[in-house]
Structure formats: C-alpha cells, structure tokens
Amino acid sequence: MSNATKVLKGKLTVSELMSRDLVTVSLGTPLVKVASLLTEGHSRHVLVTDSHGALVGVVSDRDVLRHLVPGENGSDNRWEAKSVESVMMTKFVASTSEANPHDLAAMLVNGAVQCLPILERGKLVGVMTSGDLLLSWNRLRPVLQQAGVDHLTGLANRSTFDRRLAEELERARRQHTPMSLIMCDVDHFKQINDACGHPTGDAILRLVADCLSRHLRTYDVLARFGGDEFVAICSACGAAEIDAPLRRVQQAIRSMSVPTEAGRRGITLSIGAAIVPPGLKDLTPAQLIRAADQCLYQVKEAGRDAARFVELADTSVEHLGPLAPHSQELNPTVA
C-alpha cells in the first residue's frame, strides 16, 4: 500500500462481498431508497458519506428492518419519511488523518464503534473492524500485482512462479498436454559484478529479462528465479517445439553487449530445460525444477554458452541422478 494509506495493526482479510458490491449513499437519502438498494443489491451494508464524500457511518439491513417492523403499540414508524441517518447505528467519531491510531484501535477493541473508515486523499478505500480489513478491490488489485513482481526486471518473482508452476503442471496433467520448464543463468555473472560493478550487473539482468520476454511466447510465464537465474514455464511445449525458442533466445543474447570501462562486454547464457510429456503422472514441481536445474548444471560443466533439454519419463523422475537421462544438447550453431 502507498504511504498515504493508513492501516492499523491486524490480520488482513478481504471481503469479496464488500469489495465488489460497495453501496454508498449521502446523508439525507430517504430510508425508502436505502431499503430499495439493500433489496436490489448484493450487499448487506450501505456506507453513508457527507457532502464532501467522507465516510460518516454504516447502515446495515438489520438497522433498516428494525424500522420496517410495527412498534409495540401496533402503529408503524412512518419510516417512509425518515432519512438514512435516522437509522444509522454505526457512526464514525473520526475519519481524518489526524486521528490517533491508538485511540481508534482502542475504540474498535472496546466496541465503542463497530468499524472505522480508511481514507486515502479524501477517498474511501476501505473499512476496518476489530477483526477484518475490508478493502476496495480497485485499491487492492495494484497492491497484489506489485507484490508478485520482481522490481528490478519487471518479471514475475519467485513466489508467483511457484504458484503458477503448480497450476500449469496440474493443467497439463488434466488436459493431457506437454509442458516445459526452462532455466537459465548469465555466464560468469559474479565476475561481471566484481569487475564492472553492480549497476552493470543490474543492466545485464534487465537486458536478459527483456530478451526473454521478446523471444519467448507472450503467454509463457517468465520469472526471475533468484540472483542471475531466470525461469520460463512453457505450456503445450514438447520436445518437438522446444528447440526453436531456445535457439532464438541464444542467438539474441549472443548479439547483445553492455558498455564497461574496458569496452563493451558480451553476454551469454547457459540454458537447461525439462520437458513433461503428455500422460506423465505423479510429477511434483520440485522434481521438475530439479530436472531442469540438472540440465543447466550439465551445460555449465561442459563450458557454458549452450542449451540442453531432457524429456522426462516415469523412470527418470523416480531416479533423477547427477546426469538426467535422455538429454540432448542443441547445436550451438543457429541456422
């Protein structure tokens, strides 16, 4: 969240109901209209704002129902003539940035108020109760998106990759289609950092990320695995299809260079890939990562600046050794 958003301590939970179907009315709104909104909509609460748009209270369907039921003397409460504030049981004693957060927290815990607003630049972005934080989806979505991105390269980060790998592996199993996992790292990256400095190293990582984005398919899941290591999840990509994208990436990387004090320095990648054929059962994400990492290790042991892939089988998954079976090295010469 941005620094302009003040959030009290507490567990974060998101109410889908509140975030999707937030209903807001202003002070003076006839109660009959409020009742209609609650009946027609999917929300059980209506947020009440003042003329400036600041949140001043909450009206629930129970608050309205109490005024729809006839009084003890049998007469109605003439609710048709009432406005929303007449039934507003939850009122906010503070909705400004100057409010003391400790006092507000104490009021929530003690039950003095049932919930408090979260305002950002005068706009309502959420409501806090003693146990929940209900945020507008429009406010929460960019926060979640930012949390899943590596800030240096703009690619997905490791946590996003782990989640997507499990999803894509399960999808390939259900749909009986192949998939591939590509792992690559920058050759001699530590030497580059030591000799040229971290700014040059960062520039190389951004160049490699951009190159992968341009030369792999738009729907492949690209991520920074950690340090100078990158990964790509390629759905519906088997042994017959993996050769071309790996060649494109290597050719593009070999044509790139970065300026240093000693002149321009070229970049090369070592690449390993593991292919999951259709029908392979009981393969875990960790096993797939291990197989691709073994291919990558083989390339680096053989001298780097090359690519190798392995097509897994039930036997190779069960007994992955230091050299994965059925591996093939691509011809370094690009046609």
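The values are calculated or read from the model by the stated rules, or taken from the named source; none is laboratory data. These figures come from a predicted structure and were not determined experimentally. Note that each Cβ is placed from the backbone with ideal geometry, even for glycine, and that neighbours are counted across all protein chains shown.
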inquiry  = For the stretch 170-273, give me every one of the strands (runs of 3 or more DSSP E) that falls completely inside it and has 3 or more residues that are assigned by TED's automatic domain parsing to the domain that holds Glu301 and crowded, with 18+ Cβ neighbours inside 10 Å.
reply    = 179-186, 221-226, 229-235
remark   = The lone condition Leu216 fails out of (1) under 17 Å from Arg164 (Cβ atoms); (2) out of contact with any strand residue (DSSP E or B) (no Cβ under 7 Å at 6 or more places or on another chain) is (2)
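Restricting attention to the stretch 285-329, and to residues there that are of a type in the set (A, V, I, L, M, F, W, C), at pLDDT 50 or above and in a loop (DSSP other than H, G, I, E, B), which single residue is farthest from the chain's Cα centre (by Cα)? Give the derivation first.
Applying the first criterion (of a type in the set (A, V, I, L, M, F, W, C)) to the stretch 285-329 yields 286, 288-289, 291-292, 295-296, 299, 302, 306-307, 309-310, 312-313, 317, 320, 323-324.
Restricting the remaining residues to those that are at pLDDT 50 or above gives 286, 288-289, 291-292, 295-296, 299, 302, 306-307, 309-310, 312-313.
Add one more test, that the residue is in a loop (DSSP other than H, G, I, E, B), and what stays is 302, 306, 312-313.
Details: Ala302: 37, Ala306: 32, Leu312: 30, Ala313: 32 Å.
This residue is Ala302.
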remark   = Taking first residues from the stretch 45-64 that are closer than 11 Å to Val84 by Cα and second residues anywhere that are among the small types (Gly, Ala, Ser) and in a helix (DSSP H, G or I), the pairs with Cβ under 7 Å that are 6 or more apart or on different chains are Val64/Ala35
note = If you go through Arg206, Arg265, Arg247, Arg171, the only one that is touching a residue at least 40 places away in the same chain (Cβ under 8 Å) and under 17 Å from Ala306 (Cα atoms) is Arg247
